[in-house]
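Visitor: The structure follows.
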Amino acid sequence: MIPAAEALKRLQEGNRRFVASLRDERTLTSPVRRNELVAEQQPFAIILGCSDSRVPAEIVFDQGVGDLFVIRVAGNVVAPSQVGSVEFAAERYQTQLVVVLGHSMCGAIQATLEELGRPSDRQSPNLRSIVDRVRPAIEPLLETELAKSPDALLKQAVRANIRASASQLRHGSRVLEQFIQQRRVSVVGAEYSVETGEVVFFDGVSEPDQRFTAR
């Protein structure tokens with residue numbers, strides 16, 4: 001069992017390697033490593049991330065097979081299946097760190113902003129279910145000065161959505177709430193920059209050293 005603070009440090013170090021175009025040889029897949037994982041897995045972090053093809057969690061954190069329990073869905077939204085997946089990994093593998101990983105230039109956030117600005121009745125019910133989960137977090141931003149700057153609005157909307165998803169995990173599951181109270185789980189929010197490759201942890205951690213401030 002790896003403590004949440006140590007798991008966060010591993011992710012930060014891995015992302016620094018990724019940004020520098022380096023790779024830790026220990027993260028490379030080998031027959032030996034695959035054989036070690038046949039009987040069991042012990043992922044040290046749970047990542048709830050966006051399905052965007054530019055943000056593969058194992059790569060941007062320079063981790064290998066068996067290191068991360070990754071759940072991906074457009075817009076890194078939180079629905080019952082995602083909550084259940086996080087609960088499963090936290091309970092079964094005793095993984096202590098949960099990261100909600102959003103990213104800049106997120107298409108799901110852009111689609112929601114477009115829908116809010118110009119509602120459409122041609123959207124599929126399945127896509128609308130994603131938009132409807134993003135909407136509550138970003139709709140208030142349209143009532144601010146950000147509405148006059150599309151780029152600034154998108155940037156803040158991405159972060160608002162990450163914060164909302166992290167909050168839903170912290171307060172929308174009795175299982176996770178209990179784990180958090182027992183200090184068995186920490187939930188943090190992070191944003192990946194598709195422009196630079198850097199991941200910034202900003203929700204549930206303090207800046208600039210990014211240590212935990214809340215469980």
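The values are calculated or read from the model by the stated rules, or taken from the named source; none is laboratory data. This structure is a prediction, so every number in the text was calculated from the model and none was measured. Methodologically, a virtual Cβ is constructed for each residue, glycine included, from the backbone with ideal geometry; neighbour enumeration extends over all protein chains shown.
Visitor: Kindly check whether there is at least one residue in the stretch 54-68 that is under 18 Å from the mean Cα position of the chain (by Cα), modelled with pLDDT of 95 or more and assigned to a strand (DSSP E or B).
Guide: yes
Visitor: Mind checking which pairs have a first residue in the stretch 43-68 that is of a type outside the set (Val, Ile, Thr) and a second that is part of a helix (DSSP H, G or I) and at pLDDT below 95, Cβ under 6 Å, 6 or more apart or different chains?
Guide: From the stretch 43-68, the pairs are Asp62/Thr27; Gln63/Thr27; Gly64/Thr27.
Visitor: If you check Val86 against the conditions, is it more than 16 Å from Asn161 (Cβ to Cβ), in contact with a Leu (Cβ under 8 Å, 6 or more places away or on another chain), surrounded by 13 or more Cβ atoms within 10 Å (Cβ to Cβ) and hydrophobic (A, V, I, L, M, F, W, C)?
Guide: yes
Visitor: Being more than 13 Å from Gly66 (Cα to Cα), in contact (Cβ under 8 Å) with a residue 24 or more places away in the chain and assigned to a helix (DSSP H, G or I): is that true of Arg10 here?
Guide: Judged against the criteria, Arg10 is a match.
Visitor: Does the stretch 79-98 include one or more residues that are of a type in the set (A, V, I, L, M), over 30 Å from Arg16 (Cβ atoms) and in a loop (DSSP other than H, G, I, E, B)?
Guide: yes
Visitor: Any chance you could count how many residues in the stretch 99-143 are modelled with pLDDT under 95, in a loop (DSSP other than H, G, I, E, B) and of a type outside the set (D, E, K, R)?
Guide: Of the residues in that region, 4 qualify.
Visitor: Something else now. Against the condition hydroxyl-bearing (Ser, Thr, Tyr), touching a strand residue (DSSP E or B) at 6+ places or on another chain (Cβ under 6 Å), closer than 16 Å to Val86 by Cβ and surrounded by 14 or more Cβ atoms within 10 Å (Cβ to Cβ), how does Ser173 come out, does it pass?
Guide: no
Visitor: Name the residues in the stretch 145-170 that are surrounded by 13 or more Cβ atoms within 10 Å (Cβ to Cβ) and of a type in the set (Gly, Ala, Ser), would you?
Guide: Ala147, Ala152, Ala157, Ala160, Ala164, Ser165, Ala166, Ser167
Visitor: Still on this structure: Search the stretch 59-82 for residues being in contact with a strand residue (DSSP E or B) (Cβ under 6 Å, 6 or more places away or on another chain) and either of a type in the set (D, E, K, R) or on the phi > 0 side of the Ramachandran plot (or both), and hand back the single one that is surrounded by the fewest Cβ atoms within 10 Å (Cβ to Cβ).
Guide: Arg72
Visitor: Under 7 Å by Cβ, and 6 or more places apart or on different chains, what pairs join a residue from the stretch 190-210 that is hydrophobic (A, V, I, L, M, F, W, C) with one that is at pLDDT 85 or above and assigned to a loop (DSSP other than H, G, I, E, B)?
Guide: Correct list of pairs: Val194/Arg54; Val194/Ser104; Val194/Met105.
Visitor: Follow-up question, since we're still on this one. Considering only residues that are in contact (Cβ under 8 Å) with a residue 24 or more places away in the chain and among the aromatic types (Phe, Trp, Tyr), which ones fall in the stretch 69-95?
Guide: Phe69, Tyr93
Visitor: I've got another one for you. In this structure, does Glu143 turn out to be more than 24 Å from the chain's Cα centre (by Cα) and not basic (Lys, Arg)?
Guide: Criteria met by Glu143.
Visitor: Quick check on Val100: is it crowded, with 23+ Cβ neighbours inside 10 Å and closer than 19 Å to His171 by Cβ?
Guide: In short, yes.
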